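Taking it in order: structure first as structure tokens, then the write-up.
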Amino acid sequence: MPSEPYDRIQEAIRSQGLAAGALTFGDCIRLAASEGVPVGAAVIAEAMTARGLNAHQVAAALMEAFAHNLAALEVGRTRGRSALMGAVGRDLTSATAPKLTGNALLDKALAYTLASQVGNHAMGLQPCAGTGDACAYTGLFQAMREEIDDPDAIARGAAVMLKLGTLFREAKSTTGCNLEGFGAGAAAAAAAFTEIAGGGSGAMERAVVLALSPTIAVPCTPRVMVPGLCATHIGGGVLIGWLASHLAVHTALPVTVPVDVMMALAAAVHPISAQTVVPEVVRHMAPFFQSREEVETLVADAERYREAAANQALLEEARTRMRAHARQARSIVDPFAPAVVGGSSQAVGSPANTARLAHHLARGRIRRVEIALAAELFARRGINVPAILAAAAYGSATDDPEAYAEVFPRLARDGVAVELGRSEEAGRQQITIRADQGDAMVAALNRGGGRLHLLEAQPSLAAARELAAALGIEIVA
């Protein structure tokens, strides 16, 4: 790429008083958009300004940064073996290996990412946020070198990938694949795929946001101690990045969350996941953790016996819980509940069914509907309140798109007042109906699949249960 685009970005950094070397990814995207250059060029220009280098020197430094990790990748795909990953690198890169997707770039990125993890276990990787995301960066970088003919595009792809990686490195404060192989890997892969595809700044922002979204809060512990599980974490990150990039570049899928907000969310949830999710993950995965005999001889007998007993109890508990789920599960010949207009059986279907019960318990003309929703449901009021009101005022089922679309003008014509507020109890959805011959109220806890757990009802809980059975509304414990 000629020097002129880099010069424009450098001038924009100076003229806007931005701190080169301290730009967010959103800053880089905005600079690229304002100057009409690829986001990768903006990232490279930032490094040029911060380090006093030219574009060729930055590109050379990017290549050199991967030297050790590429050596580990080579070990992983040629001769390495790992107790946790086996010889998956060789399995996926041999001459007779099956193609994972049929796309050469993606297949190589996946195979080399997993080979890098084998190499990590054999000789170690230089970490970024951690070694998990370094696997994804290394695998994708090598795949780009082999499949992309344009050295400038490779440099820009590596630049956006590593820009995100360094930001995630600073945000990562504890255990969590959400800011490492899965989360950081997905976001960085999306950025790299978008850059080399020629996606613009808007596509870049959408791609990274889409890739990061499903990885929020995903814990790390099961993959680093249990055989095999790491493969779908770090490989899944690459696949999610590919999907996110293609959606961003090739469709008009709307994405309204700014990239810096999504990254800030990931960073904020990261320590919460470590505190609340990881302990339960450890408890369930502990029976499968790998160790070494030499290490275990250092553990006191009493501690090893305690762990063995706890692990056995966990296995029995897990089977008991799953058998309880199996007893309550629907048949495979009747697996689906009624359709839910509005996009979510949990956020829309369950509160709407609560309102439907209240409607049928009320007597006479309905004058007022009072809705109280727990915080997580109140936040989604844009999709659930129309369904709740259609059910409460008119008894509409969850699969009635006309009632959903027309409820507000209908309420206005009929003079039905509405009050909307929060419930302080987690998961609570309470619908109260004021009617001229008899009020009704149903309070329930929200459940997925349009189901609900009844808490209270007026005129009676028994009547609400009887109605639910008649209407086909599933009540759960």
- Task: Evaluate the following for Thr113: is it surrounded by fewer than 17 Cβ atoms within 10 Å (Cβ to Cβ), in the same structural domain as Cys177 (by TED's automatic domain parsing), of a type outside the set (A, V, I, L, M, F, W, C) and at pLDDT 95 or above?
- Result: no
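Would you point out which residue out of Gly130, Gly119, Gly124 is within 24 Å of the chain's Cα centre (by Cα) and either in contact (Cβ under 8 Å) with a residue 24 or more places away in the chain or outside the structural domain of Gly237 (by TED's automatic domain parsing) (or both)?
Gly130
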- Any chance you could count how many residues in segment 116-167 are small (Gly, Ala, Ser) and touching a Ser or Thr at 6+ places or on another chain (Cβ under 6 Å)? 3
- What number of residues within segment 7-33 are closer than 26 Å to Ala184 by Cα and of a type outside the set (A, V, I, L, M, F, W, C)? 5
- Query: Which of the residues spanning segment 218-244 are within 10 Å of the chain's Cα centre (by Cα), over 14 Å from Ala189 (Cβ atoms) and either of a type in the set (S, T, N, Q) or modelled with pLDDT of 95 or more (or both)?
  - Reply: none
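Tell me yes or no: at least one residue of segment 298-316 is touching a residue at least 40 places away in the same chain (Cβ under 8 Å), surrounded by 12 or more Cβ atoms within 10 Å (Cβ to Cβ) and among the hydrophobic types (A, V, I, L, M, F, W, C).
Let us first name the residues in segment 298-316 that are touching a residue at least 40 places away in the same chain (Cβ under 8 Å), namely none.
No: zero hits.
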- Message: Given the criteria closer than 25 Å to Cys230 by Cα and loosely packed, with under 11 Cβ neighbours inside 10 Å, does Val277 qualify?
- Response: no
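Residues Arg319, Arg365: which one is basic (Lys, Arg), in contact with an Asp or Glu (Cβ under 6 Å, 6 or more places away or on another chain), at pLDDT 95 or above and not assigned by TED's automatic domain parsing to the domain that holds Ala187? It would help to see each step written out before you state the result.
Numbers: Arg319 fails: in contact with an Asp or Glu (Cβ under 6 Å, 6 or more places away or on another chain).
On inspection, the qualifying residue turns out to be Arg365.
The values are calculated or read from the model by the stated rules, or taken from the named source; none is laboratory data. Only a predicted model underlies this, so the values are computations on that prediction, with no experimental measurement involved. Neighbour counts run over all protein chains shown; Cβ positions are idealised from the backbone, glycine included.
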